[in-house]
Amino acid sequence: ETGWVNVHAGMLDVGVWDILEGRLDGSRYHAINKVYADAIADLTDARVEFLVGDRFYLRQMDVQPGKLVRGAFSFRTLVLPSLDILTLETARKMVAFARAGGRVYALGDLPGASADNGMNDPKMKELMDALKATPGFSSCPEGLKSLLGAAAPGLASPVRFTSGDFKMLQQRRRIDGKDFFWLVNNAEQQQECEVLIDGVKGRASIWDCETGEIRPVTSVDQASGSKLALSFKPLEAYWLVFDP
């Protein structure tokens, strides 16, 4: 449950070349894009799912205790790339979310310009100062990798290895009350592992998309979820399904 505010969507509305007075030369663009791309790669490697959202989607989200909610989606973490400009509306929503208990990780500069009033907007500065003062705000100029390795709050995968750790790819879906985990062994070696999956309990089964076979797999309920042993052939992928 990780959200992302996209820097580019905020900039394109406001005559960026005039407002930023050339600040966004080629090196600045490359720096912003590197922060953005590195974060996406690090989140994927750590199996922390996320959606990329611009102000269009943020505007549709309601602030609830500790989360942003849009329909069936809820986000407890907001990851910000390096930013130069936002709308004041977007900034206010971010501050409201942080004050409601949400977590915000900033990977670079916070904006000083607004799409409403241009460069050095005192209203934007006031909002960003308020954001930095919230308990859930963290400045992470070195990126997410170390935080993801430590399973920082709001940046932890629900699937945790207890043995046999390997570079697994993962996606999660919830369909008809069941929890589906798409798990992928992206290596050419057999993998044997034990995992603890937070927040799910019930009968576990493996759904093979190539054959259509559904086979049960033994799982043990734990206080926080389910523990089970899994085996993967080289380059094998399947759905692990929990039926409560």
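Values as computed for the structure displayed
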read-out	value
Residue list for region 108-139, restricted to those being among the small types (Gly, Ala, Ser) and either on the phi < 0 side of the Ramachandran plot or in contact with a Ser or Thr (Cβ under 9 Å, 6 or more places away or on another chain) (or both)	Gly108, Gly112, Ala113, Ser114, Ala115, Ala130, Ala133, Gly136, Ser138, Ser139
All positions within region 80-101 that are more than 18 Å from the chain's Cα centre (by Cα) and surrounded by fewer than 19 Cβ atoms within 10 Å (Cβ to Cβ)	Leu88, Glu89, Arg92, Ala96, Arg99, Ala100
Test: residue in region 149-161 that is under 20 Å from Gly53 (Cβ atoms), among the aromatic types (Phe, Trp, Tyr) and free of Cβ contacts under 8 Å to residues at least 60 places away in the same chain	no
Within region 31-67, considering residues that are under 19 Å from Ala96 (Cβ atoms) and free of Cβ contacts under 8 Å to residues at least 12 places away in the same chain, the one most open to solvent (accessible area, probe 1.4 Å)	Asp62
Sole exception among (1) open to solvent by 70 Å² or more (accessible area, probe 1.4 Å); (2) in a strand (DSSP E or B) for Cys209, by number	(2)
Qualifying position, being modelled with pLDDT under 95 and either over 30 Å from Ser138 (Cα atoms) or open to solvent by 70 Å² or more (accessible area, probe 1.4 Å) (or both), among Gly199, Gly164, Gly177	Gly177
Residue list for region 163-182, restricted to those being part of a strand (DSSP E or B) and either out of contact with any Lys or Arg (no Cβ under 9 Å at 6 or more places or on another chain) or not hydrophobic (A, V, I, L, M, F, W, C) (or both)	Ser163, Gln170, Gln171, Arg172, Arg173, Arg174, Ile175, Lys178, Asp179
Checklist (1) open to solvent by 10 Å² or more (accessible area, probe 1.4 Å); (2) under 21 Å from the mean Cα position of the chain (by Cα); (3) hydrophobic (A, V, I, L, M, F, W, C); (4) at pLDDT below 95 applied to Ala115, failing item	(2)
Residue list for region 131-143, filter: open to solvent by 30 Å² or more (accessible area, probe 1.4 Å) and either touching a residue at least 40 places away in the same chain (Cβ under 8 Å) or part of a loop (DSSP other than H, G, I, E, B) (or both)	Ala133, Pro135, Pro141, Glu142
Residue count for region 180-194, restricted to those that are open to solvent by 40 Å² or more (accessible area, probe 1.4 Å) and either without any contact (Cβ under 8 Å) to a residue 40 or more places away in the chain or touching a Gly at 6+ places or on another chain (Cβ under 7 Å) (or both)	2
Which numbered condition Glu126 fails, given (1) acidic (Asp, Glu); (2) under 21 Å from Asp38 (Cα atoms); (3) open to solvent by 70 Å² or more (accessible area, probe 1.4 Å)	(2)
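The values are calculated or read from the model by the stated rules, or taken from the named source; none is laboratory data. The structure presented is a predicted model; accordingly, all values stated were derived computationally and were not measured. Ideal geometry is used to build each Cβ from the backbone, glycine not excepted, and the neighbour counts take in all protein chains shown. When the accessible area is computed, the model is the full protein with side chains, heavy atoms only, and any ligands, DNA or RNA have been set aside. Shrake-Rupley method; radii C 1.70, N 1.55, O 1.52, S 1.80 Å.
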